[in-house]
Amino acid sequence: MNTPIKFTTAEEAVKVIKSGDHVHLSSVASAPQCLIKAMCARGEAGELKNVHVHHLHTEGPAPYADPKFEGVFQLDSLFVGANVRKVTQSGYADYIPIFLSETQKLYRSGAVPCNVAMIQVCPPDKHGYVSLGTSVDATLAAIECADHVIAVVNKYVPRAFGQAMIPLSKIDLFVQDDQPLVEAKFSEPSDVEKAIGAHCAELIEDGATLQMGIGAIPNAVLAQLGNHKNLGIHTEMFADGVLPLVRKGVINGEAKKTDPGKIVSTFLMGSQEVYNFIDDNPGVLMMDVGYTNDPYVISQNDRFVAINSAIQVDLTGQVCADSIGTKFWSGVGGQVDFVYGASLSKGGKAIIAMPSITTKGVSKIAPVLDTGAGVVTTRNHIHWLVTENGAVDLYGKTLQERARLVISIAHPSAQEELDRAAFERFGSHHHYIKGYMQK
């Protein structure tokens with residue numbers, strides 16, 4: 001069942017890449033840095049041109065996106081991470097707008113070719129299987145569709161279950177490189193973030209299934225859930241914040257309709273403790289993003305709560321979460337997948353949570369979105385909006401009612417200007433709505 005692996009060098013493995021090829025890189029902590037370095041060395045040597053690179057958010061260096069490789073490597077990412085943000089905003093790299101749930105479909109449908117998939121896996125087990133560990137997302141689809149699959153076998157990649165497990169027969173070339181995975185460090189939540197977390201926690205019922213990302217606000221929410229019961233996790237990603245609740249028995253997945261008793265995710269990013277947690281853990285399923293982010297699958301779980309963030313929200317409830325004006329900051333990600341899925345869930349709640357102002361004192365609630373800002377969650381999709389000043393439910397509310405509710409949780413320094421903008425937009429009747437809602 002398990003034949004010995006024949007290893008080659010990274011330099012030899014990347015020789016399968018040809019000019020004009022499309023190359024997929026596994027994402028987040030699983031970006032195969034030794035292969036990236038070897039591929040870029042070929043570019044430096046003038047051996048390649050017009051190679052398209054695709055990936056979701058990756059951690060670590062992204063040298064292929066350097067402007068010096070113009071005409072050699074073209075990064076067309078599926079999400080704009082911090083390591084490629086500047087070059088994307090300057091036009092040297094580009095972004096493919098896509099729901100996270102459909103990133104796998106780009107490959108499987110042929111909309112985006114995949115000639116070479118470069119991935120990381122754990123060492124094989126006795127049955128001849130390896131695991132993709134922390135990153136399944138669209139990588140499984142890339143493996144299925146690629147002409148050549150190059151795998152870095154790394155003892156630090158956790159042996160995660162679910163669709164992360166693949167047979168050795170799916171891999172063409174093996175390179176060994178034992179490098180610890182990049183860890184994410186999170187600061188303690190600020191008072192503002194703690195207040196946002198408290199408002200979100202009040203909306204979560206016992207038996208709820210949760211989706212939330214990583215960072216200060218998700219950690220602040222999780223920190224407030226210690227007295228809850230029978231919570232479940234079905235998400236695109238998770239981090240350290242879930243571990244205390246798992247140990248305490250708060251997160252046990254007993255109320256889930258899909259994959260009961262299991263934590264389900266498609267990628268993750270955190271400390272070594274998180275990587276150790278999923279290693280050989282049958283209670284965690286790392287799944288294809290087409291499954292984790294399918295709104296129909298999400299909606300099967302009652303009381304599903306999706307918590308996502310925003311860059312800017314206007315008075316009608318339009319949510320910009322991917323750009324600052326015309327400058328792309330991140331991407332659509334899974335926000336719409338989970339907002340829609342949660343809204344279809346029996347007793348579900350879709351929450352957009354954000355501070356009311358930026359660190360520079362600019363209100364994140366605006367009369368209208370900035371010029372060029374993208375609408376990620378539409379005014380038709382939005383339900384709950386939460387800031388440190390409270391939580392309001394916009395579902396079923398008129399435009400003028402929404403304006404009043406949104407202004408009520410804006411930063412006090414911005415409320416007068418926002419109220420004036422609403423009056424100019426809706427006319428004198430807006431004051432009647434204001435008085436009516438305050439009774």
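The values are calculated or read from the model by the stated rules, or taken from the named source; none is laboratory data. Since we're looking at a predicted model, the values are computed, not measured. Every residue, glycine among them, receives a Cβ derived from its backbone with ideal geometry; neighbour counts consider all protein chains shown. SASA here: full protein model, heavy atoms, side chains in, ligands and nucleic acids out. Shrake-Rupley method; radii C 1.70, N 1.55, O 1.52, S 1.80 Å.
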- prompt: Which of the residues belonging to the range 144-155 are over 14 Å from Ser30 (Cα atoms) and open to solvent by less than 10 Å² (accessible area, probe 1.4 Å)?
  reply: Val149
message: Tally up the residues in the range 156-183 that are open to solvent by 20 Å² or more (accessible area, probe 1.4 Å) and not in a strand (DSSP E or B), please.
response: 13
Considering residues of the range 235-257 that are over 19 Å from Phe277 (Cα atoms) and among the basic types (Lys, Arg) only, the residue most open to solvent (accessible area, probe 1.4 Å): Lys257
query: If you check Asp177 against the conditions, is it closer than 30 Å to Gly226 by Cβ, modelled with pLDDT of 95 or more and over 23 Å from the mean Cα position of the chain (by Cα)?
result: no
- prompt: Among the residues of the range 366-373, is there at least one that is at pLDDT 95 or above, on the phi < 0 side of the Ramachandran plot, touching a Cys at 6+ places or on another chain (Cβ under 6 Å) and surrounded by 19 or more Cβ atoms within 10 Å (Cβ to Cβ)?
  reply: yes
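Can you confirm whether the range 265-272 contains a residue that is surrounded by fewer than 18 Cβ atoms within 10 Å (Cβ to Cβ) and closer than 27 Å to Val332 by Cα? Walk me through it before giving the result.
Restricting attention to the range 265-272, the residues satisfying the condition of being surrounded by fewer than 18 Cβ atoms within 10 Å (Cβ to Cβ) are 271-272.
Cutting the leftovers down to closer than 27 Å to Val332 by Cα gives us 271.
Yes - at least one qualifying residue is present in the range 265-272.
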- prompt: Do you know which of the residues in the range 76-104 that are hydrophobic (A, V, I, L, M, F, W, C) and open to solvent by 60 Å² or more (accessible area, probe 1.4 Å) is nearest to Ala29 (Cα to Cα)?
  reply: Ala82
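Only one residue in Ala353, Ala391, Ala366, Ala403 is farther than 20 Å from Lys194 by Cβ and in contact (Cβ under 8 Å) with a residue 60 or more places away in the chain. Which one? Spell out how you get there, then give the answer.
On the way: Ala353 fails: farther than 20 Å from Lys194 by Cβ; Ala391 fails: farther than 20 Å from Lys194 by Cβ; Ala366 fails: in contact (Cβ under 8 Å) with a residue 60 or more places away in the chain.
It is Ala403.
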message: Tell me whether the range 320-329 contains one or more residues that are assigned to a strand (DSSP E or B), farther than 18 Å from Leu56 by Cα and open to solvent by less than 10 Å² (accessible area, probe 1.4 Å).
response: yes
- request: Identify, from the list Gly207, Gly215, Gly197, Gly232, the residue that is open to solvent by 10 Å² or more (accessible area, probe 1.4 Å) and not aliphatic (A, V, I, L, M).
  value: Gly215
- line: Counting only helices (runs of 4 or more DSSP H) wholly inside the range 200-301, the ones holding at least 2 residues that are out of contact with any Gly (no Cβ under 8 Å at 6 or more places or on another chain) and at pLDDT 95 or above are 243-248, 272-278, 289-292
message: If a residue must be open to solvent by less than 30 Å² (accessible area, probe 1.4 Å), in contact with a helix residue (DSSP H, G or I) (Cβ under 7 Å, 6 or more places away or on another chain) and more than 18 Å from Val28 (Cβ to Cβ), how many such residues does the range 280-294 contain?
response: 0
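Working only within the range 44-55, note down all residues that are outside any loop (DSSP other than H, G, I, E, B) and surrounded by fewer than 21 Cβ atoms within 10 Å (Cβ to Cβ). Spell out the reasoning first.
To start, the set of residues in the range 44-55 that are outside any loop (DSSP other than H, G, I, E, B) comprises 44, 51-54.
Selection gives Glu44, His52.
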message: Out of the residues in the range 6-25 meeting the condition of being in contact with a Leu (Cβ under 7 Å, 6 or more places away or on another chain) and not in a helix (DSSP H, G or I), tell me which one is most open to solvent (accessible area, probe 1.4 Å).
response: Ser19
query: Given the residues Val152, Val157, which is the only one that is modelled with pLDDT of 95 or more and within 30 Å of Gly341 (Cβ to Cβ)?
result: Val157
